[in-house]
Amino acid sequence: MLNDIKYNFDEEINRKNTNCAKWDGLEKYFGYSDLNPLWVADMDFKTPVFINDAIIESAKNSVYGYSIDTPKLYNSIINWQKNEHNWEIKQKNIFMINGVVPAYSACIEAFSEIGDEVIVQTPIYPPLFKCVNANNRKVVVNELIKDENGYYTMDLEDLENKITTKTKILAFCSPHNPVGRVWSKDELEKLADICIKHNIIIVSDEIHSDLSFKKFTPLASINERIAMQTITLNSAGKTFNIAGLNCAYAISKNEELLNKFKKIAFKREIQSINFFGYISTQAAYENGSLYVKELKKYIMENILFTKSYFEENNTKIKFHIPEATYLLWLDFSGYNLSHNEIKEKLLQNCKLALNDGVSFGSNGNKFFRLNCALNKNALKVALEQLFREFK
Ligand SMILES: Cc1ncc(COP(=O)(O)O)c(C=O)c1O
């Protein structure tokens, strides 16, 4: 019985020598192979058994030819969005793609012309501005506002002031990576009002939505007007630790918008999905509700453990408890050190691989992002390493 399963997030797992970017990519990405990796956004937890079983069952046939999206797959997505986020969508609103980032890049091409402007709210997940440049569009930075507690809000006045006739897209991250905000309905409505007024398409990256610790509202679920202005990108990849299986989906109730997107998706050939991608996504959404509850509980325990560890040790590192995700946005500005000095200490003395804050935008100066989705013992070891230098 699925409901009886308890998931064991304390289990030690070995990801070394498994072609794993997080562990085996340390030399390549950080220049040292002996670091403790708390960087890229996947989890050092096993994928739940119901996904693994579905993969193994499908592998028993020993044929890995091209696969197809079935009505069962769409129903699993429709039911998941309805049951977890109270969002009613239909199969015709969904289009399967091989990743949120490839889909985001396709959106840039679909909804703007070369030289047009795309607004990004920094600090933000780097591909959301890198893809803009790669498509020969211009990044317009609308910085988030940080208060003295490290809590971020949107600067909507600045956003509206920056809009020109060339501004075509808002790259929206909801919940926000790396600052961990789950935007309130009120914030979403205000943002959408501006975009509707200036006819800016909102590309809403909601990949972290299932890992929200407070009520998450899908932007396009608010009302019909907002739905018509929005294309949502999502995937089971983060929630169920299956990002390497490259299956994601776009949702829009605006048929014209979705058709424009599909045209570019076909041009870029990003609609063809890994054999295990469909299978794992369907298994995740059909069986994953209890797992997500338990996962979120464990992650929140890790976050609170880190917070009290910081407080007990009187560190000058600060962070606001995220409203979503296992990503901690650590502020090192309390130290009289430059960003590069902090970076070198983290690498050479602490032996930790964290994501460099500056890669999320210039307002990530003196910030580093720590991924706390790992078992409690391993987290404790990592925090001890951090405190070698940052007491
Ligand atoms: C906000 C955000 N969007 C997209 C992705 C990656 O999505 P995908 O692997 O489906 O391209 C990540 C991964 O960290 C992310 O944090």
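Can you find a residue in the stretch 123-132 that is farther than 26 Å from residue 327 by Cα, of a type outside the set (Val, Ile, Thr) and either away from the ligand (no atom under 16 Å from the Cβ) or in contact (Cβ under 8 Å) with a residue 24 or more places away in the chain (or both)? Before you say what the answer is, go through the steps one by one.
At the first step, the residues of the stretch 123-132 found to be farther than 26 Å from residue 327 by Cα are none.
Checked the stretch 123-132: no residue is farther than 26 Å from residue 327 by Cα, of a type outside the set (Val, Ile, Thr) and either away from the ligand (no atom under 16 Å from the Cβ) or in contact (Cβ under 8 Å) with a residue 24 or more places away in the chain (or both).
Of everything in the stretch 206-215 that is surrounded by 22 or more Cβ atoms within 10 Å (Cβ to Cβ) and in contact with a helix residue (DSSP H, G or I) (Cβ under 7 Å, 6 or more places away or on another chain), the residue that is farthest from residue 89 (Cα to Cα) is 211. Of the set (1) within 12 Å of the ligand (Cβ to nearest atom); (2) in contact with a helix residue (DSSP H, G or I) (Cβ under 6 Å, 6 or more places away or on another chain), all apply to residue 244 but (2).
Selection of first residues in the stretch 52-72 that are closer than 18 Å to residue 287 by Cβ and of second residues that are hydroxyl-bearing (Ser, Thr, Tyr), restricted to Cβ pairs under 8 Å at least 6 apart or on distinct chains, gives the following pairs, ordered by first then second residue: 54/280; 55/280; 70/278.
Look at (1) of a type in the set (Phe, Trp, Tyr); (2) in contact with a strand residue (DSSP E or B) (Cβ under 7 Å, 6 or more places away or on another chain); (3) more than 16 Å from the ligand (Cβ to nearest atom) and you find that residue 249 fails only one, number (3). The criterion of at least 3 residues that are basic (Lys, Arg) and over 22 Å from the mean Cα position of the chain (by Cα) is met by none of the helices (runs of 4 or more DSSP H) wholly inside the stretch 54-169. Checking every residue in the stretch 135-151 against the condition of being away from the ligand (no atom under 13 Å from the Cβ), more than 24 Å from residue 246 (Cβ to Cβ), in contact (Cβ under 8 Å) with a residue 40 or more places away in the chain and buried (at least 22 other Cβ atoms within 10 Å of the Cβ) gives zero matches.
With respect to the conditions (1) crowded, with 21+ Cβ neighbours inside 10 Å; (2) within 9 Å of the ligand (Cβ to nearest atom), residue 119 lacks only one, and its number is (2). Only one of the listed residues (46, 22) is away from the ligand (no atom under 16 Å from the Cβ) and either closer than 30 Å to residue 381 by Cβ or touching an Asp or Glu at 6+ places or on another chain (Cβ under 8 Å) (or both). That residue is 46.
Yes/no matrix, rows are residues, columns are (1) crowded, with 16+ Cβ neighbours inside 10 Å; (2) of a type outside the set (Val, Ile, Thr):
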residue	(1), (2)
27	no, yes
32	no, yes
39	yes, yes
42	yes, yes
54	yes, yes
64	no, yes
67	yes, yes
78	yes, no
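A Cβ distance below 6 Å, combined with a sequence gap of six or more or placement on separate chains, defines the contacts here; from the stretch 1-16, residues that are among the hydroxyl-bearing types (Ser, Thr, Tyr) reach residues that are modelled with pLDDT of 95 or more and not in a loop (DSSP other than H, G, I, E, B) in the pairs 7/291; 7/294.
Regarding the stretch 93-115, can at least one residue be identified that is surrounded by fewer than 14 Cβ atoms within 10 Å (Cβ to Cβ), without any contact (Cβ under 8 Å) to a residue 60 or more places away in the chain and either of a type in the set (Asp, Glu) or within 16 Å of the ligand (Cβ to nearest atom) (or both)?
Looking only at the stretch 93-115, we keep the residues that are surrounded by fewer than 14 Cβ atoms within 10 Å (Cβ to Cβ), and these are 113-115.
Cutting the leftovers down to without any contact (Cβ under 8 Å) to a residue 60 or more places away in the chain gives us 113-115.
Add one more test, that the residue is either of a type in the set (Asp, Glu) or within 16 Å of the ligand (Cβ to nearest atom) (or both), and what stays is 113.
Taking every residue of the stretch 93-115 in turn, at least one turns out to be surrounded by fewer than 14 Cβ atoms within 10 Å (Cβ to Cβ), without any contact (Cβ under 8 Å) to a residue 60 or more places away in the chain and either of a type in the set (Asp, Glu) or within 16 Å of the ligand (Cβ to nearest atom) (or both).
Mind telling me which of the residues 235, 184, 221, 209 ends up being in contact with a Cys (Cβ under 9 Å, 6 or more places away or on another chain) and among the small types (Gly, Ala, Ser)? Walk me through how you get there before you give the answer.
Details: 184 fails: in contact with a Cys (Cβ under 9 Å, 6 or more places away or on another chain); 221 fails: in contact with a Cys (Cβ under 9 Å, 6 or more places away or on another chain); 209 fails: in contact with a Cys (Cβ under 9 Å, 6 or more places away or on another chain).
Going through 235, 184, 221, 209 in turn, just one is in contact with a Cys (Cβ under 9 Å, 6 or more places away or on another chain) and among the small types (Gly, Ala, Ser): 235.
Being in contact (Cβ under 8 Å) with a residue 40 or more places away in the chain, over 16 Å from the mean Cα position of the chain (by Cα) and away from the ligand (no atom under 16 Å from the Cβ) is the filter here; which residues of the stretch 279-293 pass it? Selection gives 279, 282, 283, 286, 287, 288, 289, 290, 291.
The values are calculated or read from the model by the stated rules, or taken from the named source; none is laboratory data. In this text the structure is predicted, and so the values were computed from the model without any measurement. All Cβ positions, glycine included, derive from the backbone under ideal geometry; neighbour counts span all protein chains shown.
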